[in-house]
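The structure under discussion appears below in the form of structure tokens.
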Amino acid sequence: MSNWQKNILGLQLPTDPRWVDLASIDLADILSDHAWCEQKAATNCISLVQRYSDKQELVNELMPIVTEEWGHFRQVIQELRKRQLPLAKQRKDEYVNALLNFTQKGGSEEGRLLDQLLLCALIEARSCERFKRLSEGLDDEYLQQFYRRFMESEAGHYRTFIDLARLYIDEETVWQRWQQWLDYEAGVMQQLTPRGDRMH
């Protein structure tokens, strides 16, 4: 059995249980932040396609994710409209910005590609975990199902980014770097105060 079969998601630190309670206090904030997260996910995939247009499998795998993430952006905005809630302005994502500090700025092109793919995989993994928390912890039954669907989608996206990394870089290198990312992300999670107006 490979390391990947033993350890699929691998997040080392679960979300603080208080986060769902905080998120439920003002749904306008969490839904707005969620919408912008979906928009940024779509934009980021487009950037990867532009940067690595010579990698046919990457382009083939990411273009459907662009479509899906943009569809998610629209779905969350529709949910805001249905509830007569405003779409708040996009705000700084402290979690993602902290993760960006860990990406390789120099080194080989392969190393930079690996970090870009693992960064995306990690954000999708944490989003999946957060959506699971919302699907289990919110009192609103409709939103429970709403977020369960997002959870399932993010799990698939996470797997796509991991699989792309394993396609272009040898598996042992990917595995070792992924463990480093998981260690770093756990430290970031420990430093950040749980906020109900942020998806991450």
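Bear in mind these aren't lab numbers, they're just calculated from the coordinates by the rules spelled out. Because the structure is a prediction, the values reported are computed rather than measured. Glycine also receives a Cβ, built like all others from the backbone with ideal geometry; neighbour counts cover every protein chain displayed.
About its Cα centre, the stretch 127-169 has a charge dipole of approximately 260 debye under the convention of +1 per Lys or Arg Cβ and -1 per Asp or Glu Cβ, with nothing else charged. First check a/c for the stretch 1-101, with a ≥ b ≥ c the square roots of the eigenvalues of its C-alpha gyration tensor; if it is under 1.5, answer rounded, and if not, answer prolate when a/b is larger than b/c or oblate otherwise. The shape class here is oblate. The GNM of the chain, with springs linking C-alpha atoms under 10 angstrom apart, assigns the highest mean-square fluctuation among ALA23, ALA186, ALA155 to ALA186. Ignoring lysines fewer than eight residues from LYS92 along the same chain, the ones with Cα atoms less than 19 angstrom from its Cα are LYS40.
Only four residue types carry charge here, +1 at the Cβ of Lys and Arg and -1 at the Cβ of Asp and Glu. Report the dipole size of the chain about the Cα centre in Debye, rounded to the nearest 20.
Roughly 440 debye, rounded to the nearest 20.
Which of LEU113, LEU143, LEU122 moves the most in a Gaussian network model of the chain with Cα springs under 10 Å? Result: LEU143 has the largest fluctuation of those listed. For the stretch 97-163, the convex hull drawn through the C-alpha positions has a volume of 69 cubic angstrom per residue.
Of the complete DSSP H runs in the chain, those spanning 27 angstrom or more by Cα along the long axis with a mean Kyte-Doolittle score not below 0.0 are 27-51.
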